[in-house]
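Heads up, the thing below is written out as structure tokens.
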Amino acid sequence: MLEQYQEWNTIEQETMQAVIRKLLSQTFLLDRKYDKKSGRMASDREYEFCADHLEFLTEYFAVAGITIRQNYELGIIYIQGAEGAGERLTKLTTLYLLLLKLIYDEKMAAVSSSTQAFTTVGELNGKLGEFRLVRGLPSITEQKRAFAALKKYQMVELLDGLEEMGEACRILIYPSVNLALLREDAGELVKTFEETEEESEDGAADTGL
């Protein structure tokens, strides 16, 4: 493995370093991402490089007990077994992730020929109220922090940018939410949060929100 790496040119070595760092910090690499300059989905070069060198990466991560996988249907390369590498998500970030998964499943059921789904900040926050997951609308600062984390982990793309945060702000949901949560897991966890919030209102528990 080391001999193969040493045979690469400087650009290939630097690209491999960048790919490894990104996988460790973000978990997912997507074959297509939204490009704001062109306003359309575009192929990701790091994904392509990773796919071309998957055997090398498999051996590299295996040393640390980490598995790398490629989902051809969804167009995702991701790692498993690096649970301690990520940051702790806030409760709002977790709730958004759960709801984004539910919304993604709803959209995909309606349009089965696509792997992309869209929603808005308004629809997402509306789900928070519908499922009684929070007592009031989260502050803009809390929302921005949550979306920044979801964007970092390749879960969403805010098509109008964090600066334009508002009810009409469009959100592209990446298929990586499928691998972060199973459908039944998302539904059960939403119920758990509903129950926790109800207990908090009765004075039996305090969620911190």
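Just so you know, all these numbers are worked out from the coordinates, no wet-lab data involved. Being a predicted model, the structure only gives us computed values, none of them experimental. Here the Cβ is made from the backbone with ideal geometry for all residues, glycine too, and neighbour counts use every protein chain on show.
For the reader, a short list of remarks on this structure follows.
- Multiplying the residue separation of Leu159 and Ile20 by 0.36 nm and removing their Cα-Cα distance gives an extension gain of 47.4 nm.
- Oblate is the label for region 98-171. Its Cα gyration tensor axes, ordered a ≥ b ≥ c, give a/c of at least 1.5 and b/c at or above a/b.
- Sites Met1 and Glu106 - FRET efficiency at Förster radius 35 Å, r taken between beta-carbons, to 0.05: 0.20
- Here the spin labels are modelled as points 7 Å beyond Cα on the Cα-Cβ line, and at Ala64 and Ile140 they lie 3.8 nm apart.
- Between Lys152 and Lys36, full extension at 0.36 nm per residue minus the direct alpha carbon distance yields a gain of 40.2 nm.
- FRET efficiency, Glu130 to Leu89 (Cβ-Cβ, R0 35 Å, nearest 0.05): 0.95
- log₁₀ of I(q)/I(0) at q = 0.20, 0.25, 0.26 Å⁻¹ - region 1-77, Debye sum with one point per alpha carbon: -0.91, -1.28, -1.34
- Most positive-pole-ward Cα, Ala146, Tyr104, Thr115, against dipole of region 95-147 from beta carbon charges: Ala146
- Region 20-175 pair-distance distribution - Cα-Cα, 10 Å bins, rounded %: 10, 37, 34, 17, 3
- Taking a straight line from the alpha carbon of Lys127, these lysines sit under 22 Å away, with near neighbours fewer than eight places off in the same chain left out: Lys91, Lys101, Lys107, Lys144, Lys151, Lys191.
- Taking amide hydrogens as placed 1.01 Å from N in the peptide plane, the amide H of Val156 sits under 5 Å from those of Lys151, Tyr174, each at least 5 positions away in sequence or on another chain.
- Note on region 39-129: along the principal axes its Cα atoms extend 46, 32, 24 Å, ordered by decreasing extent.
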